[in-house]
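Below is one structure, written out as structure tokens, with a few remarks after it.
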Amino acid sequence: MVKLLSGNEALALGAYHAGVGVATSYPGTPSTEILEYMARFDDVYAEWSTNEKVAVEVALGAAYAGTRSLASMKHVGLNVASDPFMAAATTGVNAGMVIISADDPGIHSSQNEQDNRHYAKLAKVPMLEPTDSQEAYDLMAYAFDISERFDTPVLVRTTTRISHSKSVVKVNRSQVIPAKQRGFQHNVEKYVMLPVYARLRRPLIEERLVKLAAFAETFPLNQVQWGERYLGVVTTGVAYQYAREVFPKASFLKLSMTYPLPQNLIRHFVDQVDRIIVIEELDPFLQESIQAMGIKVTGKEFIPRLGELNVGIIGEASGTAQLLTKTSPRQSFDTLQKLPQRPPLLCPGCPHTGLFFVLSSIGQRAKSPKAKNKAPKELKLIITGDIGCYTLGAYHPLNAMDTCACMGASIGQALGMVKAGISNKVVAVIGDSTFLHSGITPLLNAVYNEGQITVIILDNRTTAMTGHQDHPGTGISAQGKETKAVELEHLVRGMGISDVKVVDAFNIKGIRSAVRNSLDSPELSVIIVRGDCSVHVPKRSEPRVVDTEKCNGCGICLMLGCPAIQRENEQVYIDTALCVGNACTICQQICPQQAIVPESKTRR
Amino acid sequence: MRKFDLLITGVGGQGIILASDIIAEAALAAGYDVKKTDTLGMAQRGGSVVSHVRIGPRVWSPLIKEGEVDILVALEKLEAARWGHYLRYGAIAIVNNHTLPPLPVNLGNERYPTDEEITNILRQRSDRIYFINGTNLTRKLGNIRTLNMFMLGCASLFLPLKVNTWKEIISHRLPSNKRQINITAFGQGRKEIRSVCI
């Protein structure tokens, strides 16, 4: 059967056809869809775990118990999960266990760029990298087989362009051979990592690597593709596709198992070509390993080491390295002017907009369009931010964020700033899903260490940015089952915080008074700003409109950054197709002229 | 069998990804090799969106090389201009004659390009630029959410795929209550581009 599948769909289907029984994940671009597809299979247990560390631990428990398991996450998720990942590398598994790391070269939707191939080397575990959806599908069966044969977790590393590209896949479901040993067998030397037992495991890991390197020599998806011998290209991942297009006549060594490397195969290839280059995205991972074999090879001398590659970039780089005799120079193109950017925005009716408007105005961070020459006063607030849609609150016109580092960092950073003795008030802003992922321990830390900070939990009851996945606060499982919903206010009070306020995300006065009250409070306080994500608002009703007779064009409403509020020739108007109406009304609440009204009120 | 590289651009929420999915699936059904990939910002809605669809006898890179797009389908005017440098010489550009001003324009910090400027940007690569009143025509049809299928109808005139293949894939991808209006929009788009081309 032939299907058009994204890399993520292919990975999920491949794992399913390889007999996976337990799948875990925390949402994160570009990995999210893997678990979403997996959750559709009734005979697989699939869960959104609270974070990636937990996801790997659950998957490891399942593997110990004799069920094939899969944990998928974005690249920074593996940072969070690195502790159990290293532990799994030490204990080994029982039934097959695969960890998918979806890296994001080019930083399309992440806080950094990192090459997670280094994790395979660090943990001394085998790594597979697909070059398209077909390989993503095929590799999963190999991954589980390798995992069981060598008693090791297997890292499958993909990138945004593999995960989010669709290509043609021949689906070939073969008979699934069940895992050898069902059930859990008590074995302290294997599973209890006391120093005495961990020391016993240590030489096994080195032996395993030697065996894996021998296996890599015959791994069927490590392929030599002979062309002309003037140039040999060693490549992997999506870079293989680009390189095939740039060098249609060269010879290729395509590596789909990239750790440990098949050294004999590489030497065999290198010996038969005149010049050898490595084309890979991000770090010179393959290049340095091949150089360490004593082979003269170039690559990152001309191929960029940051961002995504593409055919144009590789073509130009190869031209400067005299690898292409005939290069087509970049055709000139004049855009006449700098076109206006279209930055991503908080949606119309977003429950985060009101809070950021309040923080922005209390912190005197924004200047209205009419006050162009007035410099803002000194910042009164420091706002530590976190990972989610709400990070967009950092953009103009809200300008309501000072930091954003990694999941849960806002609270620890806020405490650190207070303990550093700064005089400004410090507010930490964190979403509900992020709070449950890794905001609980830093909040507990702030309670324990008596930090006088304000923590604002933006509770939109979903993991919005990655496409509305459920989490422990929603009471719905990844497979749509009703489950227990954690009450954030109970959780927070249980930590010993008494100043806990819950406010409506669409009530500006309520938010303003709660924030002012918390800022004046001598103790740690938590404000839960609650309102449904606008994408979830089922019915849009009564869009607001601007009464042009009352409007004096002050532009305060534009300071919300709401996409529905637009301006044409100095007159502000609201795009009624975008406005969510009664569910929001924030612009109506902040208009000093009361010029924003329900549509029906204008048809008197 | 020749290759076609299509770029579908617009603003998040306009249905660009569904449109490019349908092109890819229709081409696969017609026996082509296909790759498609989307580049999205981090937001759900409102940001620039671009989708690359490549069809041909054998496709390697999922991304189209700058200067090699055969057909540009833009659901918004500014987003057509933004990707002009991706067109090959003599490419076809189908542009929805509709303005969605981005926030920096609304705030008065930047200026939306004039129609003449947009045309001049695209003209550097091709004279086959077709402005289509897609938003108005789909509004008349009763649902501006069908704009993506309308624009797809326009693009379909330049692709060697059968109308029935398009209709089958559209029916397959849309829920039953939205099928008919979307197929109608597709047909209207195909008719409209024909009248503009001739």
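For this structure, a couple of remarks:
Listed here are the residues, each with its yes/no results for (1) over 15 Å from B:E25 (Cβ atoms); (2) out of contact with any Ser or Thr (no Cβ under 7 Å at 6 or more places or on another chain).
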residue: B:I144; (1), (2): yes, no
residue: B:A155; (1), (2): no, yes
residue: B:N177; (1), (2): yes, yes
residue: B:G189; (1), (2): yes, yes
residue: B:I193; (1), (2): yes, yes
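- Selection within the stretch A:491-516 - closer than 20 Å to A:I586 by Cβ, in a helix (DSSP H, G or I) and not aliphatic (A, V, I, L, M): A:K509, A:G510, A:R512, A:S513, A:R516
Yes/no matrix, rows are residues, columns are (1) of a type in the set (V, I, T); (2) farther than 20 Å from B:L157 by Cβ:
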residue	(1), (2)
B:I23	yes, no
B:K35	no, yes
B:T39	yes, yes
B:S61	no, yes
B:G67	no, yes
B:N96	no, no
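- Test: residue in the stretch B:6-18 that is of a type in the set (G, A, S), surrounded by 23 or more Cβ atoms within 10 Å (Cβ to Cβ) and facing chain A (nearest Cβ under 9 Å): no
- Tally of residues being surrounded by fewer than 20 Cβ atoms within 10 Å (Cβ to Cβ), of a type in the set (V, I, T) and farther than 22 Å from B:I198 by Cα across the stretch B:82-131: 2
- Residues of the stretch A:223-261 satisfying the condition of being among the charged types (D, E, K, R) and within 14 Å of another protein chain (Cβ to nearest Cβ): A:R244, A:E245, A:K249, A:K254
- Qualifying residues in the stretch A:135-190 (those that are within 25 Å of the chain's Cα centre (by Cα) and within 11 Å of A:M97 (Cα to Cα)) - the one surrounded by the most Cβ atoms within 10 Å (Cβ to Cβ): A:P153
- Between B:G90, B:G47, B:G67, the distinction of being in contact (Cβ under 8 Å) with a residue 12 or more places away in the chain, more than 9 Å from chain A (Cβ to nearest Cβ) and among the small types (G, A, S) belongs to B:G90 only.
- Options A:V546, A:V515, A:V572: the member that is within 14 Å of chain B (Cβ to nearest Cβ) and at pLDDT 95 or above: A:V546
- The lone exception for A:M193 - which of (1) assigned by TED's automatic domain parsing to the domain that holds A:R68; (2) surrounded by fewer than 14 Cβ atoms within 10 Å (Cβ to Cβ) it fails: (2)
- Within the stretch B:27-39, not a single residue is in contact with an Asp or Glu (Cβ under 6 Å, 6 or more places away or on another chain), within 10 Å of chain A (Cβ to nearest Cβ), farther than 29 Å from B:K162 by Cβ and of a type outside the set (D, E).
- The stretch A:99-216 holds helices (runs of 4 or more DSSP H) entirely within its bounds, and those carrying 3 or more residues that are touching a residue at least 40 places away in the same chain (Cβ under 8 Å) map to A:117-123, A:133-150, A:160-163.
- Only a single item in (1) within 11 Å of chain B (Cβ to nearest Cβ); (2) touching a Gly at 6+ places or on another chain (Cβ under 9 Å) is not met by A:V168, and it is number (2).
- Some residue of the stretch B:103-117 being in contact (Cβ under 8 Å) with a residue 12 or more places away in the chain and more than 10 Å from chain A (Cβ to nearest Cβ): yes
- Among the residues of the stretch B:35-58, those that are buried (at least 23 other Cβ atoms within 10 Å of the Cβ) and either farther than 30 Å from A:I387 by Cβ or of a type in the set (F, W, Y) (or both) comprise B:K35, B:V53, B:R54, B:I55.
- Filtering the stretch A:392-420 to residues that are modelled with pLDDT under 95 and more than 14 Å from A:A366 (Cβ to Cβ) leaves only A:L392.
- Residues that are at pLDDT 95 or above, in contact with a His (Cβ under 9 Å, 6 or more places away or on another chain) and either more than 30 Å from B:P101 (Cα to Cα) or not in a loop (DSSP other than H, G, I, E, B) (or both) do occur in the stretch A:518-532.
- Counting the residues of the stretch A:278-297 that are touching a helix residue (DSSP H, G or I) at 6+ places or on another chain (Cβ under 8 Å) and either among the hydroxyl-bearing types (S, T, Y) or within 16 Å of A:A250 (Cβ to Cβ) (or both) gives 4.
- Some residue of the stretch B:147-163 being assigned to a helix (DSSP H, G or I), within 30 Å of A:Q571 (Cα to Cα) and within 14 Å of another protein chain (Cβ to nearest Cβ): yes
- A:H468 satisfies every condition listed in (1) at pLDDT 95 or above; (2) of a type outside the set (S, T, Y); (3) out of contact with any Pro (no Cβ under 7 Å at 6 or more places or on another chain) except (1).
The values are calculated or read from the model by the stated rules, or taken from the named source; none is laboratory data. Bear in mind that the values here come from a model prediction, so they are computed numbers and not experimental data. When we count neighbours, we look across all protein chains shown, and the Cβ atoms used for this are built from the backbone with ideal geometry, even at glycine.
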